[in-house]
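In what follows, a single structure is set out as structure tokens and then discussed.
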Amino acid sequence: MRRKTEDRRLGFVRAAGKLFVERGFGSVSMEAVAAEAGASKATLYGYFPSKEALFEAFVNEAGQGGHEEMEAARAEGDLRETLRHLGTAYLDLVTRPDVIEANRLIMGEAGRQPQLSRIFYENGPRKTLVVVCETIRSLMERGLLRRADVRQTGLYFKSLCEAGLVERQLWGLDGVPHEHTRQVAVEDAINVFLAAFATSGNSASDRKPC
């Protein structure tokens with residue numbers, strides 16, 4: 001029964017996400033979502049009390065598993081390997097088609113539906129930044145990175161990893177970057193990041209081969 005309930009819930013989330021992307025948040029009704037999912041509006045309301053709740057679930061579903069993979073980086077011992085794991089997991093997450101679609105959607109809706117911006121930020125970018133910063137903090141506490149403002153340092157790291165790749169996806173110029181392209185972007189990001197934040201003996205010049 002629990003599996004069936006979860007499948008029905010996920011069906012509503014995917015139906016809502018499809019319609020939000022195709023039509024925009026404001027043009028989609030709860031009735032339309034129920035119809036897309038092949039269910040009644042009453043059943044839909046039994047799972048989600050509002051479109052905003054559906055949107056929140058859509059954002060969380062787009063990032064499913066990504067934050068857990070990023071958190072696993074803290075289990076690594078070596079500085080460069082930890083950053084490589086973190087950067088790779090981060091770039092894999094933010095270049096997902098569903099995540100790109102969610103970003104495009106909020107960019108188009110923020111002016112008309114400002115409440116969505118907060119929902120999106122709290123359930124997407126903020127969660128991602130928190131995970132990045134927790135790993136950065138642990139590396140600072142171990143003396144592998146120099147002490148600095150953790151949030152700002154985390155923002156620097158993730159921005160270096162993106163290195164223009166995400167913008168080109170958002171603009172529709174490129175598809176999902178090839179795995180090799182993502183790996184090169186992360187390695188380049190690590191080199192620049194360590195040149196600025198590594199402690200003595202952990203600089204970019206100490207680079208290990210991939």
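The values are calculated or read from the model by the stated rules, or taken from the named source; none is laboratory data. Note that the coordinates shown come from a computational prediction; the quantities given were computed from them, not determined experimentally. All Cβ positions, even for glycine, are placed from backbone atoms using ideal geometry, and neighbour counts span all protein chains on display. These accessible areas exclude ligands, DNA and RNA; they are computed on the full protein's heavy atoms, side chains included. Shrake-Rupley method; radii C 1.70, N 1.55, O 1.52, S 1.80 Å.
Could you say whether any residue in the range 160-175 is at pLDDT 95 or above and touching a Cys at 6+ places or on another chain (Cβ under 9 Å)?
No, the range 160-175 contains no residue that is at pLDDT 95 or above and touching a Cys at 6+ places or on another chain (Cβ under 9 Å).
Scan the range 82-93 for residues that are in contact (Cβ under 8 Å) with a residue 60 or more places away in the chain, open to solvent by 20 Å² or more (accessible area, probe 1.4 Å) and of a type outside the set (S, T, N, Q) and jot them down.
If the condition is that a residue be in contact (Cβ under 8 Å) with a residue 60 or more places away in the chain, open to solvent by 20 Å² or more (accessible area, probe 1.4 Å) and of a type outside the set (S, T, N, Q), then Arg84, Asp92 are the ones that fit.
In the range 139-154, how many are more than 17 Å from Ala73 (Cα to Cα) and within 18 Å of the chain's Cα centre (by Cα)?
2
Which of the residues that make up the range 182-201 are open to solvent by less than 70 Å² (accessible area, probe 1.4 Å) and either under 17 Å from Ala73 (Cβ atoms) or at pLDDT below 95 (or both)? Steps first, please.
First pass over the range 182-201, keeping only residues open to solvent by less than 70 Å² (accessible area, probe 1.4 Å): 182, 184-187, 189-191, 193-194, 196-199, 201.
Correct list: Arg182, Ala185, Val186, Glu187, Ala189, Ile190, Phe193, Leu194, Phe197, Ala198, Thr199, Gly201.
I'd like to check something: does the range 55-75 contain any residue that is not in a helix (DSSP H, G or I) and not polar (S, T, N, Q)?
Scanning the range 55-75, I find at least one residue that is not in a helix (DSSP H, G or I) and not polar (S, T, N, Q), so the answer is yes.
Does the range 141-156 hold any residues that are of a type outside the set (D, E, K, R), modelled with pLDDT of 95 or more and either part of a helix (DSSP H, G or I) or surrounded by fewer than 19 Cβ atoms within 10 Å (Cβ to Cβ) (or both), and which are they?
Of everything in the range 141-156, those that are of a type outside the set (D, E, K, R), modelled with pLDDT of 95 or more and either part of a helix (DSSP H, G or I) or surrounded by fewer than 19 Cβ atoms within 10 Å (Cβ to Cβ) (or both) turn out to be Ala148, Val150, Gln152, Thr153, Gly154, Leu155, Tyr156.
When residues of the range 37-54 are filtered for being among the hydroxyl-bearing types (Ser, Thr, Tyr) and part of a loop (DSSP other than H, G, I, E, B), how many remain? Give the derivation first.
Just the residues of the range 37-54 that are among the hydroxyl-bearing types (Ser, Thr, Tyr), to begin with: 40, 43, 45, 47, 50.
Among the residues that remain, those that are also part of a loop (DSSP other than H, G, I, E, B) are: 40, 50.
The number of residues fulfilling the criteria is 2.
Name the residue, out of Arg118, Arg104, Arg137, that is open to solvent by 70 Å² or more (accessible area, probe 1.4 Å), in contact with a helix residue (DSSP H, G or I) (Cβ under 9 Å, 6 or more places away or on another chain) and either part of a loop (DSSP other than H, G, I, E, B) or under 20 Å from Asn60 (Cβ atoms) (or both).
Arg104
Across the range 136-187, what is the total count of residues that are under 15 Å from Arg80 (Cβ atoms) and of a type in the set (D, E, K, R)?
So the count comes out to 2.
So, of the residues in the range 121-134 that are crowded, with 19+ Cβ neighbours inside 10 Å and touching a His at 6+ places or on another chain (Cβ under 8 Å), which turns out to be farthest from Leu165 (Cα to Cα)?
Across the range 121-134, the extreme among qualifying residues is Val131.
Considering only residues that are among the basic types (Lys, Arg) and touching a residue at least 24 places away in the same chain (Cβ under 8 Å), look in the range 14-70 and name the one that is surrounded by the fewest Cβ atoms within 10 Å (Cβ to Cβ).
First, the residues of the range 14-70 that are among the basic types (Lys, Arg): 14, 18, 23, 41, 51.
Filter once more, keeping what is touching a residue at least 24 places away in the same chain (Cβ under 8 Å): 14, 51.
Values: Arg14: 16, Lys51: 19.
Top of the filtered list is Arg14.
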